[in-house]
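The values are calculated or read from the model by the stated rules, or taken from the named source; none is laboratory data. Fair warning: this is a prediction, and the values are worked out from it, not measured in the lab. Here the Cβ positions follow ideal geometry from the backbone for every residue, glycine too, while neighbour counts run over all protein chains shown. Protein only, heavy atoms only, side chains kept; ligands, DNA and RNA dropped before computing areas. Shrake-Rupley method; radii C 1.70, N 1.55, O 1.52, S 1.80 Å.
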Amino acid sequence: MDAFFNWEQFNSIQPNATTLLTNSISKGRIAHAYLFEGGKGTGKLKLGTLFAKTYFCSNRSDYYTPCQKCSNCKRIETGNHPDFHIIQPDGQSIKKDQIKQLKAEFNKTGVESNKKVYIINQADKMTVDAANTLLKFLEEPHKGTIAILLTEKKSSILTTILSRCQTVGFIPLSDSSIIKILTDQHDINLPIARLAVQLTNDIEEALLYCNDESFAKARQVVVKLFEVLINGREEAVVYLQTGWTQAFDLKNRENIILGTELLYILIKDLLYIKNNENSRVVFIDYIDSLEKFALNFTSERIIIYLNIILNCKNQINMNANIQLQLENMILQLLEV
Ligand SMILES: [Zn+2]
């Protein structure tokens, strides 16, 4: 399933980029080369693809809405359009040969029309030779050809290339806009979506979490661990050795770190409740019990909890013994 579909949806998350590009299409002022600049997961490749669809679509419903149904739209969506190419790094870098091949391809007349679009993803990864080859290509623009360079690091792109591109800035996606996309377009449950955006601002990554059943399970396990912690030492230690270790693979460091992150987020919710900031609570489906728990905690105590969990996470991150760190964490939490 596609995370982004049309210009309207894009307009809610990247209003400036959307306005700039739709204007250039509807006013017939399309540049020869664009540089899409912005962080990971801000939709650069998706918007580049939408732009290409709009350019090629044989059945646009207005100036800039591709039909998504014609053979041009469909082949771009599936990566099978003969005049639309995406260049990706080959290993660590984009090599001169890749650009030379692209050039050769584009020097032929368009397979189906004189329109051609190429996207260079992670353009900052071009080798010096590749960048110089591209520069020559950009210096002799072909009518109907559009170059779209994508980068997270504009400063690593040759200034001579930059000067030939129109820069389009992409802003980081806000938590609320990612949540909206996840719930409205991908039918993700709100509590799951709220938790996923705590872990990543990358919509694709967030979707991976949301569609992973073990993520939903992990959420429940963390709540359960917290409940047993309140009930005291024995139950907590037993649960750590049973429920927790079933949900989080002790051999998988990343997985355990995820578990501690979820626990951290849950405890932080108590702080939000203490501060009367209920709208920020992440585990909203548990808010009733969290409110009850919060009555028994001072803010100071919650902050000590958070520090203990953070410390455990950092130790595990630095290769400490996982089992030992988790047990330590539980014992320390019980002593607060
Ligand atoms: Zn179409």
How much of the accessible area of the chain, probe 1.4 Å, is carbon plus sulfur, in whole percent? 47
Classify region 7-172 from the C-alpha gyration tensor, please: rounded if a/c falls under 1.5, else prolate or oblate depending on whether a/b exceeds b/c. oblate
The extension gain from Asn317 to Leu190, computed as 0.36 nm times the residue separation minus the Cα-Cα distance, is 42.8 nm
Taking the alpha-carbon centroid of each part, what is the distance from region 140-158 to region 24-71 in angstrom? 15
Relative to the present Cα-Cα distance, how much length would full extension add between Lys224 and Glu291 at 0.36 nm per residue of separation? 22.6 nm
Subtract the Cα-Cα distance of Asn231 and Asn107 from 0.36 nm times their separation in residues, and report this length gain in nm to one decimal. 37.4 nm
Rounded to the nearest 20 Debye, what is the dipole magnitude of the chain about its Cα centre when Lys and Arg each give +1 and Asp and Glu each give -1 at the C-beta? 1460
The chain, relative contact order in percent, only Cα pairs under 8 angstrom and at least six apart counted: 16
Among Leu199, Asn252, Leu225 the positive-end extreme of the charge dipole of the chain (Cβ point charges): Leu199
Under-5 Å amide H pairs with Val168, H placed in peptide plane, nonlocal only: Leu35, Phe36, Glu37
So how do 226-234, 322-330 stack up, highest first, on mean other-Cβ count within 10 Å? 322-330, 226-234
Need the list of lysines near Lys292 for cross-linking: C-alpha distance under 30 angstrom, and skip anything on the same chain fewer than eight residues off. Lys180, Lys217, Lys224, Lys268, Lys274, Lys313
Principal axis dimensions, largest first and in whole angstrom, of region 16-107 by Cα: 40, 29, 24
Relative contact order of region 7-172: what whole-number percent is it, with Cα pairs under 8 angstrom and at least 6 residues apart? 35
Prolate/oblate/rounded call for the chain, Cα gyration tensor, a/c under 1.5 rounded: prolate
At a probe size of 1.4 Å, how large is the accessible area of Phe293, to the nearest 10 Å²? 40
Selection of trypsin sites (Lys or Arg not before Pro), region 39-124, meeting DSSP coil and at most 14 other Cβ within 10 Å: Lys40, Lys69, Lys108
Solvent-accessible area per residue for region 80-196 at a 1.4 Å probe radius, Å²? 50
